[in-house]
Amino acid sequence: MRVVHGSWPDGFCGCFVARTASINDLTIGLLVIGDNGLRLADDGTIKLQRNVVCAEIRNGEYLEVSVGAYGVGGQRFDDTLFFTPQERGRLKCALHVGTCEIEVTVTWFLIKSF
């Protein structure tokens, strides 16, 4: 994930999470944003706490990536992306938190199960 336009809203806490259709009620935390705001590398890359999530290749499966941001006075931003699992390749889409645009890149590769 990388901020490509704007900046994280001042004073907002939040989180990035991932989910898959095949594992009910399991949310995988990618990053929790506290009072210190969103930590970025010099190129705008977001320093995630978790970088890898698995999804199965089968009908109806998807990878969901979401962001929720919460500000003082109850102001809130939410956005969600859905990706269909692939055997290989790379997909890019954007999440939006106010005027902050966050590019999400998902790189797929196949892991054989035994």
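The values are calculated or read from the model by the stated rules, or taken from the named source; none is laboratory data. These figures come from a predicted structure and were not determined experimentally. Note: ideal-geometry Cβ built from the backbone for every residue, glycine included; neighbour counts use all protein chains shown.
Odds and ends about this structure:
- Pair list, Cβ under 6 Å, 6 or more apart: region 48-71 residue within 21 Å of Cys13 (Cβ to Cβ) and in contact (Cβ under 8 Å) with a residue 12 or more places away in the chain, other residue β-branched (Val, Ile, Thr) and surrounded by 14 or more Cβ atoms within 10 Å (Cβ to Cβ): Val65/Val104; Ser66/Val17; Val67/Val97; Ala69/Val97
- Region 20-33, residues that are more than 16 Å from the chain's Cα centre (by Cα) and more than 13 Å from Leu63 (Cβ to Cβ): Asn24, Asp25
- Region 12-32, residues that are at pLDDT 90 or above and exposed (fewer than 14 other Cβ atoms within 10 Å of the Cβ): Thr27, Gly29, Val32
- Residues that are at positive phi and either touching a Lys or Arg at 6+ places or on another chain (Cβ under 9 Å) or surrounded by 10 or more Cβ atoms within 10 Å (Cβ to Cβ) (or both) within region 33-83 comprise Gly37, Gly44, listed in sequence order.
- Extreme residue, farthest from Glu87 (Cα to Cα), among residues of region 43-56 that are part of a loop (DSSP other than H, G, I, E, B) and of a type in the set (A, V, I, L, M): Leu48
- Residues in region 95-107 that are within 17 Å of Leu30 (Cβ to Cβ) and either of a type in the set (A, V, I, L, M) or out of contact with any Ser or Thr (no Cβ under 8 Å at 6 or more places or on another chain) (or both): Leu95, His96, Val97, Ile102, Glu103, Val104, Thr105, Val106, Thr107.
- Count of region 57-106 residues which are touching a Pro at 6+ places or on another chain (Cβ under 9 Å), acidic (Asp, Glu) and not in a loop (DSSP other than H, G, I, E, B): 0
- For region 1-42, filtering for residues that are touching a residue at least 12 places away in the same chain (Cβ under 8 Å) and either part of a strand (DSSP E or B) or among the polar types (S, T, N, Q) (or both) leaves 21.
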